[in-house]
C-alpha cells in the first residue's frame, strides 16, 4: 500500500450537454492531476447530468456518450471514475460507472439498485446490474457503488468480503431537509461496521425541481469524517491517504448548518442555477408587502445580486398603505429596481367588459381573482418586454389548499417557496434578517397577520385555520400519508381536518399548472406526488 | 364441457372511488347472472380504476380494497373475475385478478409484466407476479392474464401448455390512434397460433389525459372475432359458448371506425367524462372564428349537449369582421349560449398601467400576449362566476413549438385538442361537417388561412412552416425520436428543421404549465414525454 491522493469532483453538470460536461470534467481531471491526485471521482451520471429523463430515449445518445467519454479519457496520469450511461451491444441502458485510464476504459460497473419511487423513475430507463466491481490502484483496493446501492446494506458487506478497502460512491442524491445529516450517518455507520473507508461524491446544483446539496464526504474506517466538500457549490476536494496510518488524513471543513440556514442556502442555489442555466438576464416578481414575496425577493437578491432583480408593487383599492410602504422599504434596503403599477384601470376594464355577462350579481371570488390575474398578466408583460424570468411567490401551504389564483399569483417560471410551508417561510425570513446588520425584511412584514388583500379587511385566517395548525395537518396528510381519522386521532378538530383534506384533494388541478420549484421536503408536489385530477377517493378512513 | 355464457363487463370505474365501483360491479354481476351468465369478467384494476397513481400509497388502501371485494363477492350464482390491488401480508402490492365465487376468493393472479415506459409507472407501485393461474369452470379451462402480459408471447404459450382453452385478459389499455386495430390483430394472431380462445375485456372512458376506448372482444380459436363491445361506452356484453361447436357463438357488432371518425368519437368521450366526473355543470370556451376553437366547440356540444356549452367571442382591433361573423354563425347553428366581449378597454388598461415601464418602446409579442391574456382572464372570470369549466382550444402543433400564450389562450382545465396535430384538426373538422345535414362549422373557418389575429394581417405561416411540413417534422422528432440530421436526410430544409426542433426544446416550460388533454398519439406531451426544462441537449446529430 502506498500513499495516494484522491480527488472528489463535486460539480454541477448541465443536464443533456454531454460535450460541455465532458470538457468541464477534463479540466477538473487536469487540475487534480497537477495537484498530484492519483484518482478523481465524479458524481452519478455526471457525463449527462442527473436526471436526464427522456433524453435517455434519444437514439443519438450512444454516439454522444462515446464521444464524451473519449474526450474525458484524454486526461493523463490520473485514474478517472465517472458516472455515465452505458449502452450495451443489445441497446440496453445501464446507470454505470467507467474507470478511465490513459485513454482506455479499464473497468465498468452497473448500478444494481434502481430507485423507482419518490422522484425517481430509474426503471423507466435502466436495466439492473448484477456484478460488483473491485479494482486495485496504488496498492489499494477500491469498490464502486452508485447512489441507491449504498442504501442497501448487503452491497457494502459484499464489497468488503471481496476485499475492498475503500468504497467509492457516485451520487446524485437530491436534497431534502436533514438529508445531508442522514446520509452522513448512514455512510459513517457502514464504514465503521464494515471496517472500511467510504468516498461519497455528490452532484451539486439545481436541476428543475431537484436540488443537489453537494457535501461530498470522505469517511475513515472508524466512521469519522476526514473531509467534506462545500454545501451548494462546486468543489474539487483533494484528500491524502496515508499508507502508514491506513487512513485518509483529516482536513478542516465547515460544520454542518442547522436546518433553516441550510434550507435558505439551498433555495438561493436553486434560484441561481435555474435562472443562469435557463439564460435569463434576471428575475421580476410582484412585491405585495407580505412575507412570501419579501422572502422570495431576499432569496433572489442573494442568488443573483440586486442588479438582476426587479420588483413591482401592484396596489388596488384593498391594498393597505402599510403594504406599499413595506414593499418600497424592502426594495430600498436591498437596492433593487422597484416600481409601482396601479391595477385599478385594468380591473375596471375587465368589469366593464364583463358587465353584460355579470349584470349586478354580487361580488365573489371572481372579482378577487381578477385582481390576482391582472397582476399576473402585468408581471408577464414586464417579463416579455425586458426578458426577466417571473418568480412566483406562493408557498406550499397555499398551494396545498388552493389558496392562490391560477394564472394570477401562481404566474411564473420558477417558484422558490413552492415546497416551503408557511410556518417555515416565517422561520426563513427571521433567519435572513438575523444574518444582516440591517434586517432586509421590514419587521412589520413578519409580524402583521397574513392577508391576500383581495377584499376589504381580508385575513388568511378568515378562510384557513391558523398556519401552525394548517401546516401540521398538511404535513401529516401529505408527507406522512396519514388518513383523516388518524389525524383527528392526534387531537385535531375533525371539521378542520376534513375541510383541509378536501381542499388538498380538490386543488390538484391548480397545482398541475403551477410553476416548478425546488424540492426541500420528503413529499413535494410534482413528480414526487402523482395524484389523479379526476379522483373519487374520499378521505375519512 | 358444457354450454356456458360469459359476460364482458366493459365499464368506466371512477378512479379512487372503490366503494362506488364495487357497487357498480355488483349491479352488473346481478344483471349478468339474471341473464344467465356463468362468468363475468371486469377490467384491470377495475375496483380502484386505472391508473390510480399515488392513491396506491395511501395506508388505508388495504382496508378499502378488502371492503370493496367483500361487497362485490355478495353476487351469487356467477363466477367473478375482477381486477384489483392485492396487498399481501408483507404489505407488497400486486396488480392482481381475483376469482370470486359465492362470497369467497377462490383464486388469484398477479400480473407478471409491469409496464414502466410510455405513460406507465407500474413498477413504482407493484411487485412482479411469478405464477400462472388456470381454473376450471363449466368443464372449461380458463387462464388469466392482465393487459401487458398478453403482449409477451410466452405467456399465452405457457397458458396453452398448462391446458387453457380460453384466456381471460383484463385490460386498461389506453387509446392511441389505430391501437384498437393493433390489439385485435395481436389477440387474433395469438388465438390462432395457439389454438385457443381469448376474451379481452377493456376499461372504457376518460381518466385525466388517458382515454380508454373499450371495444372489448371475444376471439375464437381460428382468430375470428365472435363478439365486440361498443366503442367509448359502457357495455355488458354476454356471449354464448357452444360446447358442441367448441366455440363462442357469433354476434352482430358494429364494424371498426376509420381513424378520423374514431379519434373524433374518443375526443367527445374524453370531454364528456372529464366534465362529468369533475362535476362541472358545463363548459365555456373562447370562439375566435378559427378552426381550433370551432372544432373544440363541436366536440363539446356533441359531448355535453348545446345547453351545457357557453362560447364567447373576444374581438380586439385586429380581429377580422369575418371572424366575428363565423363565430356567431357557428354558435347559432349549434344553438349554444354565445356572447361577445370586446377586450379593448382591458388591453387599454394594461397599456396605461405599463406606460411608465415601457415608455414608447416598440410593440412586440408583449402586446400580443396582453390580448391573449386578457381573453384568458375573461374566460376564467366567466368560469368563476358561473361554474363552467374552461376548455383550452390549442392543438399539438402549437403546443409543440410554443405558438401559444401561457396564461392566455392556454388557459383552461382541459384541452381537447392537446394531442391533435393541426393537419388532423382540419380532417376532424371536415369529418364533423360531413356527418351533419347542415355542416356545424362554417366552411370559411376551414378554408381561410389560419391566423392568431394578434397583429394586423398576421398569418400563422408568417412564423411557422406550412402545417403539413411542420407536422411532418414534429411527428418525426416527437413520436419517432428522430434526430435533426435524420429528418433533414428525409428531404426537409435544414434551417426549417433546426428552427422547429429548437422551438420544441425551448417550449417545455410552457407545456409544463398547460392543461391536460386526451392522449391520442403514441407520444403525447405530459406524463408520456418527460423532458427536463433546463436542458443543454443540442439537436444536430
Using packing as a proxy for protection, rank B:227-239, B:353-365, A:287-299 so that the peptide with the highest average count of other Cβ atoms within 10 Å comes first.
-> A:287-299, B:227-239, B:353-365
Measuring label to label, 7 Å along Cα→Cβ, what does residue A:151 give against each other copy in nm, shortest first?
-> 2.8
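Between residue B:430 and residue B:151, what length in nm is gained on full extension when 0.36 nm per residue of separation is reduced by their alpha carbon distance? Walk me through the numbers on the way to the answer.
On the way: separation 279, 0.36 × 279 = 100.44 nm, distance 3.54 nm.
Taking residue B:430 through residue B:151 to full extension adds about 96.9 nm, to one decimal.
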Under the 7 Å Cα-to-Cβ spin-label approximation, residue B:244 and residue B:131 lie apart by a distance in nanometres of 4.0 nm
Measure off 7 Å from each Cα along the Cα-to-Cβ vector at residue A:161 and residue B:193, then give the distance between these two points in nanometres to one decimal.
-> 4.2 nm
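Need one value for A:363-369: mean number of C-beta atoms belonging to other chains within 10 Å of its residues' C-beta atoms. Mind dumping the intermediate values first?
Details: counts 0, 2, 2, 7, 3, 1, 6.
Mean number of neighbouring Cβ atoms from other chains: 3.
Could you order peptides A:129-135, A:49-55, B:119-125 by the average number of other Cβ atoms within 10 Å of their residues, highest first? Intermediate results must be reported in sequence, preceding the final value.
On the way: A:129-135: 15.7, A:49-55: 23.0, B:119-125: 19.9.
Listed from highest to lowest mean packing, they are A:49-55, B:119-125, A:129-135.
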Relative to the longest principal axis of the C-alpha atoms of chain A, give the angle of the C-alpha long axis of helix A:259-277, reported between 0 and 90° and rounded to the nearest 10°.
-> 90 degrees
Treating each Cα of segment A:355-454 as an identical point scatterer and ignoring solvent, apply the Debye formula and state log10 I(q)/I(0) at q = 0.15, 0.19, 0.20 Å⁻¹.
-> -0.78, -1.08, -1.13
For segment B:147-289, shape from the Cα gyration tensor axes a ≥ b ≥ c, cut at a/c of 1.5 then a/b versus b/c, turns out prolate
Kindly work out what percent of the DSSP beta bridges joining two residues of segment A:218-337 are antiparallel, to the nearest 5.
-> 45 percent
Using the alpha-carbon atoms, what tilt in degrees (0 to 90, nearest 10) does helix B:179-194 show relative to the longest principal axis of chain B?
-> 20 degrees
Please state the relative contact order of segment B:4-248 as a whole percent: Cα pairs under 8 Å, 6+ residues apart?
-> 20 percent
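I'd like the mean, over residues of A:55-63, of how many other protein chain beta carbons sit within 10 Å of each residue's own Cβ.
Details: counts 6, 1, 6, 7, 6, 10, 1, 0, 2.
The shielding value for this peptide is 4.
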Folded to 0 to 90 degrees: helix A:61-72 orientation relative to chain A principal axis, Cα | 60 degrees
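Provide the FRET efficiency to the nearest 0.05 for the residue B:20-residue B:457 pair, computing r from the beta carbons and using R0 = 60 Å. Write down the numbers at each step before the final one.
Numbers: r = 54 Å, r/R0 = 0.91.
Result of the calculation: an efficiency of 0.65.
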With a/c under 1.5 counting as rounded, go ahead and sort the protein assembly as shown into rounded, prolate or oblate using the C-alpha gyration tensor (a ≥ b ≥ c being the square roots of the eigenvalues; past the cut-off, prolate if a/b is larger than b/c, else oblate).
-> oblate
Over chain B, what relative contact order in percent results from Cα pairs under 8 Å that are six or more residues apart?
-> 12 percent
Largest to smallest principal axis extent of the C-alpha atoms in segment A:4-250, angstrom = 49, 39, 33
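Using only the Cα atoms of chain A, construct the convex hull and provide its projected area averaged over every direction, in square nanometres to one decimal. Each step should come with its number before you reach the end.
Details: hull surface 110.9 nm².
For chain A, averaging the hull's shadow over all directions gives 27.7 nm².
How would segment B:75-219 be classified by its alpha-carbon gyration tensor: rounded, prolate or oblate, with rounded meaning a/c under 1.5 and the a/b versus b/c comparison settling the rest?
On the way: a/c = 1.42, a/b = 1.07, b/c = 1.33.
Cα axes put segment B:75-219 in the rounded bin.
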Per-copy distances of the residue A:118 label point, shortest first, in nm (7 angstrom along Cα→Cβ) = 3.0
From the label point of residue B:437, set 7 Å from Cα along Cα→Cβ, how far away are the matching label points in the other copies, in nm, ordered shortest to longest?
-> 8.6
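Let me have the 222 nm mean residue ellipticity of chain A computed from DSSP H runs of 4+ only, each contributing -39500 (n - 2.57), with the sum over all residues rounded to the nearest 500. Present the calculation step by step, with values, prior to reporting the outcome.
On the way: 18 runs with 202 residues, N = 541.
About -11500 deg cm²/dmol.
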Rounded to the nearest 5, the percent of DSSP beta bridges in the protein assembly as shown running antiparallel is 60 percent
Order by protection proxy (mean Cβ within 10 Å, highest first), peptides B:526-534, B:8-16 | B:8-16, B:526-534
Tally the DSSP beta bridges in chain A and give the antiparallel ones as a percent, rounded to 5.
-> 55 percent
The value for segment B:300-407 (convex hull of the alpha-carbon atoms, volume per residue, Å³) is 129 Å³
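Using 1/(1 + (r/R0)^6) with R0 = 51 angstrom and r between the beta carbons of residue A:321 and residue A:118, what's the FRET efficiency to the nearest 0.05?
Numbers: r = 46 Å, r/R0 = 0.90.
Approximately 0.65, to the nearest 0.05.
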Note: A:509-518 gets an average of partner chain Cβ contacts (10 Å, Cβ to Cβ) equal to 4
For segment B:412-476, what's the relative contact order in percent, using C-alpha pairs closer than 8 Å and at least 6 residues apart?
-> 26 percent
Inter-probe distance in nm under a simple model that places probes 7 Å from Cα toward Cβ, at residue A:357 and residue A:179 | 4.3 nm
Working note, segment B:261-461: Cα radius of gyration (Å, one decimal) and Dmax (Å, whole number) are 16.4, 55
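Which FRET efficiency value, to the nearest 0.05, do you get for residue B:90 and residue A:258 by plugging their Cβ-Cβ distance into 1/(1 + (r/R0)^6) with R0 = 35 Å?
Values: r = 38 Å, r/R0 = 1.09.
It comes out at approximately 0.40.
Every number in this text was worked out from the coordinates using simple rules, so none of it is lab data. In this text, all values refer to a predicted model and were calculated from it rather than measured experimentally. For neighbour counting, all protein chains shown are included, and Cβ atoms are generated from backbone atoms with ideal geometry for every residue, glycine included.
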